[in-house]
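Peer 1: What follows is a single structure, and I will ask about it in a moment.
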Amino acid sequence: MSDPTTAREAIALVAGDDFTEFPFEEGPLAHDGPLGWPGYSAAHARASARTGETESVVCGTGGIGGVRAVLISFEFGFLGGSLGERTGARVAAAHARARARRLPVVVLPATGGSRMHEGMRALLQLQLLAGESALTRAAGLPQIAVLRDPTTGGGWATLGAGSDVVLALPGAQVGFAGSRVRPPDADPAAYTAEAQLAHGHVDAIVAPDALRDTLGRWLSLLTRPAEGRAAAPRALGDPDTPPAASGREAVARARHAERPRAAAYLDAHFSVLQDISGDRAGGVDPGMRCGFGRLPDGRTVAYAAQCGTATRPAGFRTATRLVRLADRLGIPVLTLVDTPGAANDPAAEHAGAGPAIAELFAAVATARVPVTSLLIGEGGSGGALALAAPGHLWATPDSYFSVIAPEAAASILKRSPEESAATADQLRLRPRDLVDLGVVRGIVES
């Protein structure tokens, strides 16, 4: 199917004919609405006749990938998919039924925002929708949005951006400002799904013909958590390599270009991977990979993995987002630690490196779900420690962990660069040293 244009086409795209609509007891709109807007009742009736719908949203339950979910789909042909009091009442009822039945929520917005004909009574629906979404979130139920064209105004700022996972159809217009209220010189490309993805507000762009399978994987992953603590993956390095004889050798091994990285560990450990993207604050860090993976037994573990680069503030915030989402959904977490340290350039400081690291420390420390960590390469100072689970950190043979890189330590201690090797030995940063110091629980085998 091509891009869906109606609410029911969107539902059919993701659920086929497996959809049961919720009944709503509503009569014809009377008295031109709460403001007495001249001609509103007639416009409402014409929209109904034209679309075959009685409001701008269609709600019900559908099966997607073997998972039952509550579906909330907007009809843009009905007064621009705008949110009025009846829209809000339907969406609120759908969320309440999702909580009563313990079902995830999938919202398919195509909306221009609040309905002008109802004024502030329409705008207040944003508070209602945000409150309902918060209640569903507190109930531990996942919410996934699929942004259609257009998704603007309050619909984007509540049901869209407020979802746990945000997918979008290619080329969809997405932004808080609709096309008729933007500055006259605004670049239209800034208000697209692709721009929102680039700036950390959308997790993925999904083609219509791949949407049903993608949604099915997401729903399966988010509703089938693994039981207990996640096991640390096995080491992927050469099992015949002897332990590092010195600190300098341990550092060299961890920095070796051919040493296994996060992608190899994730692919070896999980049969299915679905990444989230972005920190929801304007940033994306390719060096921090976060998402949810399926174990061989079909259960789900969340992962946050450093990819060997200096971690930027957006990376720390994305990991925080992942840990807190997994915590709400009761999904155990696995973290892979591998960074020379936090990015320390001026741009990183301007983007809030310190606060971002602090938030990740707090998220890991307060998580109610078990968090397991594996040091797979470089463990550079606090930028690495922020992702490490207290008391549940393991190490691979080709890794090291240090209070700071040996070269930086030598500089701080006013030693010559040639003394960094001796400094590495003094720091006792080898895997075996870390076990002896009580920093890691053990060294995983191949």
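Read-outs throughout are calculated quantities, based only on the coordinates presented, and are distinct from any laboratory measurement. Since we're looking at a predicted model, the values are computed, not measured. With ideal geometry, Cβ positions are generated from the backbone for all residues, glycine too; neighbour counts draw on all protein chains shown.
Peer 1: For every helix of n ≥ 4 consecutive DSSP H residues, a contribution of -39,500 (n - 2.57) applies; sum these over the chain, divide by its total residues, and give [θ] at 222 nm rounded to the nearest 500 deg cm²/dmol.
Peer 2: Working: 16 runs with 157 residues, N = 446.
-10500 deg cm²/dmol, from helical runs alone.
Peer 1: A further question follows. Answer rounded, prolate or oblate for segment 235-325, using the Cα gyration tensor with square roots of eigenvalues a ≥ b ≥ c: rounded when a/c is under 1.5, else prolate when a/b is larger than b/c, else oblate.
Peer 2: oblate
Peer 1: Let me ask another. What percent antiparallel are the DSSP beta bridges of the chain, to the nearest 5?
Peer 2: Bridges in the chain are about 40 percent antiparallel.
Peer 1: For a quick check of your reading of the filter: which chymotrypsin sites (Phe, Trp or Tyr not before Pro) in segment 251-301 sit in a DSSP loop and have no more than 15 other Cβ atoms within 10 Å?
Peer 2: none
Peer 1: Now for a separate question. Could you work out the longest stretch of the chain that avoids the trypsin sites (Lys or Arg not before Pro) located in DSSP loops with at most 11 other Cβ atoms within 10 Å? Walk me through the numbers before you get to the answer.
Peer 2: Working: sites that count: Arg102, Arg180, Arg368, Lys414.
The segment 181-367 is the longest one with no such site.
Peer 1: Normalising by the residue count of the chain, find the relative contact order in percent from Cα pairs under 8 Å and 6+ residues apart.
Peer 2: 11
Peer 1: Right, another one. Suppose we flag GluC sites (Glu not before Pro) only when DSSP calls them loop and at most 11 other Cβ atoms lie within 10 Å. Which is the longest uninterrupted stretch of the chain?
Peer 2: 27-226
Peer 1: Restricting to Cα atoms and excluding each atom paired with itself, what does the Kirkwood estimate give for segment 44-88 in Å?
Peer 2: In segment 44-88 this quantity evaluates to 11.3 Å.
Peer 1: Further question on the same structure: Determine the shape class of segment 7-223: with a ≥ b ≥ c the square roots of the Cα gyration tensor eigenvalues, call it rounded for a/c under 1.5, and otherwise prolate if a/b is greater than b/c, oblate otherwise.
Peer 2: oblate
Peer 1: When 1/r is averaged over all different Cα pairs and the result inverted, which Kirkwood radius in Å belongs to the chain?
Peer 2: It is 23.6 Å.
Peer 1: Counting Lys and Arg as +1 and Asp and Glu as -1, what is the net charge of the other residues whose Cβ lies under 12 Å from the Cβ of Ala172?
Peer 2: -2
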